[in-house]
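Before any comments, here is the structure.
Just so it is clear, none of the values below were taken in a lab; they were calculated from the coordinates. If you're wondering where the values come from, they're calculated on a predicted model, not measured in any experiment. Cβ atoms come from the backbone with ideal geometry, glycine included; neighbour counts cover every protein chain shown.
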Amino acid sequence: MEMKATETAPLAMEWRQKKSTKPKSERFFEGLIKAGGYSSIVLIGAILFFILKESFPFLVGAFDFKNFFFSTNWNPASVNNVSYGILALIVGTLCVTCLSMLIAVPLGLATAFYISEFCSPRLRETYKILIEFLAAIPSVVWGFVAIMMINPMIIKTFNVPIGLNILNASIILALMSLPLIVSVGEDALRAVPDTYREAAEALGATRWEVATRVLLPAAKNGLLAAALLGVGRALGETMAVLMATGHSIQIPKSFFDPARTLTATIAAELGESPKGGEHYQALFAIGLVLFIISLIVNVTADHLIRGRKK
Amino acid sequence: MFKPSIHLLNKEIRENNFKGALSIMTFFLFLPALIIMFWLFIKGLPVLSLDFLLQDPIRGMTAGGIFPTIVGTFWLVIISVLVSCPLGVLAALYLSEYAADGRTTRIIRLAILNLAGVPSIVHALFGLGAFVLFLRMGTSILAASFTLAVMNLPVIITSTLESLKAVPHSFREASWNVGASKLQTIRHIVLPNSFPGILTGLVFAVGRSAGETAAILFTGVAFYLPFLPQSVFDQCMSLSMHLFTISTQVVGVPEAYPYATALVLILLILSINSISVLLRSYFRTRRKW
């Protein structure tokens, strides 16, 4: 094979020389394709740039690192006691995300196992289409379901005054992030070579043993990435959470307390804040925090998936 | 005759239990979606009529129909796809046909992944900063569509990339061997053969953007407009935003109205997605290789 490679080298050279004489239109289109290829890098950069640009006066002015991250006092509209503390919002986001993942990760991974290892091919196709449909339900409809359906259910079942609370948002978020967890988890399981399964079965392992002792360790990283992407989805969800959590900026004491998340705060307040004002810039600063968190989550998930492939 | 020992029998029972538990869990995953659909149908169907679809909302959105919101949603979705489709296909072409497996490619892939993972409200902030303010589009259909296009770009790139990769490499080699240039190969071999896949991904992206709310919240969608948009520089209403408005912001809306709006939205999206699924299975049976 080595020999062949050297033999074709002059030919490739010739081809390359020919390439430089290709017509202008062709070079134009290839330039266009290349530009398109770099567009996503440009866009990510642009997102960072514009969010920084809009929040810059706040970041160099009223921004106080300690107060911003460690104060629970979010009071941007007050006349004489303005305070931008997002701790309560961060805690709200964390509570909702953690509880929803407690529901969604086990359920999602179990489903991924079932779809990838146990069901018949035809059933698998059906489930996959169903998952796509589940993923297609828009977040505003989920928010509507939270208000109209889960809210009264929670009030009735747990005998609490309000049903728009952390529990409600977590249920909704769990349902919303399940499709992603299932499909990424299933990909991770399918990526385990069949030889692993065959080897284990040849040793007399049942499918349960194959699943828990062989597939689980082998697909560990991919499954972790699935969970992580679910977390990313839950962290970033806006409309459904805005509608389901109830409006109350506080450190929640139980799952039946209403809360407010980072995303919901931006959605709820940006419309009312005067453009270019400090409040408006502070909301962009929250956006910056969200952007950085999502960057970390996604890069980590990618790293895990890539680690598996090696 | 071989008789299974107790140990083996226990194993089998455990295995069956395990499988049963998993299938029940899977079923429970889909149960909520089915219940929600059923419930929307029951509550929304009585109001749903041609009048509801074709009338303007009246009396502070507590009566009338949802016509302007449907029109607005169509504007947004179509313009956003017109923007994101060429860009997405170009990006996918670059990744699959030109880019070498190197550092730049890895960074591009990472950028696509992150673009897909950025929260929609951050996209809204970006749209507000970049399109509405910096490019001076104002809060308009154009700004909102561009924001949606940025959101959809990773979806379109990923699905296009997948269908480009599905075209066997031998097709390209055959074309190069008869003297076609790389670009000619792309135009006459790669794109025609991957067209169905690209189309499927596109339809899927359309469905996704039809339901998006957060990203268009501050960039071009109004709570209520007394007239239809005349050009892309006008604001518009959208189905998703309308559902949000009448279910949380307006007092005195008859109970069935938001249900019917949600039902219309979800039926619209499900039918778009069904088209995508049908296209996929149709083209799969007709595939030549």
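Using only DSSP helix segments of four residues or longer, with each worth -39500 (n - 2.57), what per-residue ellipticity at 222 nm results for chain A after dividing by its residue count and rounding to 500? All intermediate terms of the calculation are to be shown ahead of the outcome.
Values: 13 runs with 217 residues, N = 310.
Mean residue ellipticity, 222 nm, calculated: -23500 deg cm²/dmol.
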> With springs only between Cα atoms under 10 Å, which of B:G88, B:G138, B:G201 fluctuates most in a Gaussian network model of chain B?
Replying inline: B:G138
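Any chance you could run the full-extension gain for B:E162 through B:Q249? It's 0.36 nm times the residue separation minus the Cα-Cα distance, nm to one decimal. Provide the component values of the computation, followed by the final result.
Details: separation 87, 0.36 × 87 = 31.32 nm, distance 4.20 nm.
Computed gain between B:E162 and B:Q249 is 27.1 nm.
Contour minus end-to-end for A:E26 and A:R122, with contour as 0.36 nm per residue of separation and end-to-end as the Cα-Cα distance?
Working: separation 96, 0.36 × 96 = 34.56 nm, distance 4.54 nm.
Difference between extended and current length: 30.0 nm.
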>> Give me the one-decimal nm value for the distance between modelled label points at A:I162 and A:T72, 7 Å along each residue's Cα-to-Cβ direction.
In response: 1.5 nm
> Ordered by residue, what ³J(HN,Hα) values in Hz, to whole numbers, does the stretch B:109-121 give under the Karplus form 6.51 cos²θ - 1.76 cosθ + 1.60, where θ = phi - 60° and Gly and Pro are x?
Replying inline: 4, 5, 5, 4, 4, 5, 4, 6, x, 5, x, 5, 5
> Tell me, what HN-Hα J-couplings in whole Hz come from the Karplus equation 6.51 cos²θ - 1.76 cosθ + 1.60 at θ = phi - 60° for each residue of the stretch A:193-201, using x for Gly and Pro?
Replying inline: x, 4, 4, 4, 5, 4, 4, 5, 5
>> For chain A, set up a GNM with springs between Cα atoms under 10 Å and report which of A:P193, A:P76, A:P138 has the largest fluctuation.
In response: A:P193
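Taking every residue in A:149-158, how many Cβ atoms of other protein chains lie within 10 Å of its Cβ, on average? Mind showing how you got there, number by number?
Values: counts 6, 1, 0, 0, 0, 0, 0, 0, 0, 0.
Counting other chains' Cβ atoms within 10 Å and averaging over A:149-158 gives 1.
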>> List the residues, sorted by chain then number, that are 5 or more residues from B:A99 or on another chain and whose placed amide H is less than 5 Å from its amide H.
In response: none
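Ignore the peptide's own chain and count Cβ atoms of other chains within 10 Å of each Cβ in A:106-114; give me the average, rounded.
Working: counts 1, 4, 2, 1, 9, 8, 2, 5, 10.
That works out to 5 on average.
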>> Please give the Cα centre distance for the stretch A:33-107 versus the stretch B:159-181, rounded to the nearest Å.
In response: 43 Å
> Given H placed on each backbone N at 1.01 Å, which residues far from B:A63 in sequence or on other chains put an amide H within less than 5 Å of it?
Replying inline: B:I58
> Put a dot 7 Å past each Cα toward the Cβ at A:M153 and B:A100; how far apart are the dots in nm?
Replying inline: 5.6 nm
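What percentage of all Cα-Cα pairs in the stretch A:15-75 are separated by more than 14 Å?
Values: 1355 of 1830 pairs.
Result: 74 percent of Cα pairs exceed 14 Å.
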>> Can you tell me, using C-alpha contacts under 8 Å and at least 6 residues apart, the relative contact order of chain B as a whole percent?
In response: 26 percent
> What residues have an amide H closer than 5 Å to that of A:S83, excluding those fewer than 5 places away on the same chain, when H is modeled at 1.01 Å from N in the peptide plane?
Replying inline: A:N75, A:S78
> Which of these, B:V203, B:V221, B:V250, has the largest mean-square fluctuation under a Gaussian network model of chain B (Cα springs below 10 Å)?
Replying inline: B:V250
> What are the ³J(HN,Hα) values, in whole Hz, obtained from phi via the Karplus relation 6.51 cos²θ - 1.76 cosθ + 1.60 with θ = phi - 60°, for each residue of the stretch B:218-234 in sequence order, with x given for Gly and Pro?
Replying inline: 10, 9, x, 10, 9, 4, 8, 10, x, 9, 7, x, 8, 8, 6, 8, 8
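So how do B:157-166, B:119-128 stack up, highest first, on mean other-Cβ count within 10 Å? Present the calculation step by step, with values, prior to reporting the outcome.
Values: B:157-166: 20.8, B:119-128: 27.7.
Result, highest mean first: B:119-128, B:157-166.
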> Which shape class, rounded, prolate or oblate, goes with the stretch B:35-160 when its Cα gyration tensor gives a ≥ b ≥ c as root eigenvalues, a/c under 1.5 marks rounded, and past that a/b bigger than b/c marks prolate?
Replying inline: prolate
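Assuming R0 = 60 Å, what is the FRET efficiency of A:D194 and A:N81, from their Cβ-Cβ distance, to the nearest 0.05? Before the final figure, lay out each step's value.
Working: r = 65 Å, r/R0 = 1.08.
Taking R0 as 60 Å, the efficiency between A:D194 and A:N81 is 0.40.
Taking the Cα centre of the protein assembly as shown as origin, work out the dipole magnitude from +1 charges on Lys and Arg Cβ and -1 charges on Asp and Glu Cβ, in debye rounded to 20. The partial results should precede the final answer.
Working: 47 positive and 33 negative charges, 324 e Å.
About 1560 debye.
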> If the chain between A:L102 and A:V299 were fully stretched, how many nm would it gain, using 0.36 nm times the residue separation less the Cα-Cα distance?
Replying inline: 68.7 nm
>> Given a Förster distance of 30 Å, report the FRET efficiency between A:D64 and A:H247 from their Cβ-Cβ distance, rounded to the nearest 0.05.
In response: 0.75
> Among A:A174, A:S120, A:V105, whose Cα sits farthest toward the positive end of the charge dipole of the stretch A:86-309 (+1 at Cβ of Lys/Arg, -1 at Cβ of Asp/Glu, about the Cα centre)?
Replying inline: A:S120
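What relative contact order, as a whole-number percentage, does chain A give when Cα pairs under 8 Å and 6 or more residues apart are counted? Working shown, then result.
Numbers: 380 pairs, mean separation 74.5, N = 310.
24 percent.
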> So for the pair B:L45, B:L270, with labels modelled 7 Å out along Cα→Cβ, what separation do we get in nm?
Replying inline: 1.1 nm
> Roughly how big is chain B's charge dipole about its Cα centre, with Cβ charges of +1 (Lys, Arg) and -1 (Asp, Glu), in debye to the nearest 20?
Replying inline: 1080 debye
> Using alpha carbon centroids, what distance separates the stretch B:21-41 and the stretch A:113-184, in Å?
Replying inline: 8 Å
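Once every DSSP H run of n ≥ 4 in chain B is given -39500 (n - 2.57) and the sum is divided by its residues, what mean residue ellipticity at 222 nm do you get, rounded to the nearest 500 deg cm²/dmol? Write out the running numbers ahead of the final one.
Details: 11 runs with 191 residues, N = 289.
Calculated mean residue ellipticity at 222 nm is -22000 deg cm²/dmol.
If R₀ is 30 angstrom, what is the calculated FRET efficiency for the pair B:Y224 and A:I129, using the beta carbon separation as r and rounding to 0.05? Don't skip to the answer; put the middle values down first.
Details: r = 37 Å, r/R0 = 1.23.
After rounding, the FRET efficiency stands at 0.25.
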> Of B:N273, B:S49, B:F227, which is farthest along the charge dipole of chain B in the positive direction, counting Lys and Arg as +1 and Asp and Glu as -1 at C-beta?
Replying inline: B:N273
>> Which one, A:G236, A:L224, A:F255, projects farthest toward the positive side of the charge dipole computed for the stretch A:179-262 from Cβ point charges (K/R +1, D/E -1)?
In response: A:F255
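As a quick test, which of the pairs A:K22/B:K165; A:K220/B:K11; A:K128/A:K220; A:K128/B:K182; A:K253/B:K19; A:K220/B:K165 have an alpha carbon distance above 30 angstrom in this structure? Write out the running numbers ahead of the final one.
Details: A:K22/B:K165 26 Å; A:K220/B:K11 24 Å; A:K128/A:K220 22 Å; A:K128/B:K182 36 Å; A:K253/B:K19 38 Å; A:K220/B:K165 27 Å.
Beyond 30 Å: A:K128/B:K182; A:K253/B:K19.
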> When Cβ neighbours within 10 Å are restricted to other protein chains, what is their mean count per residue of peptide B:7-18?
Replying inline: 3
> Packing-wise, with mean Cβ within 10 Å as the measure, how do A:259-272, B:46-59 rank, highest first?
Replying inline: A:259-272, B:46-59
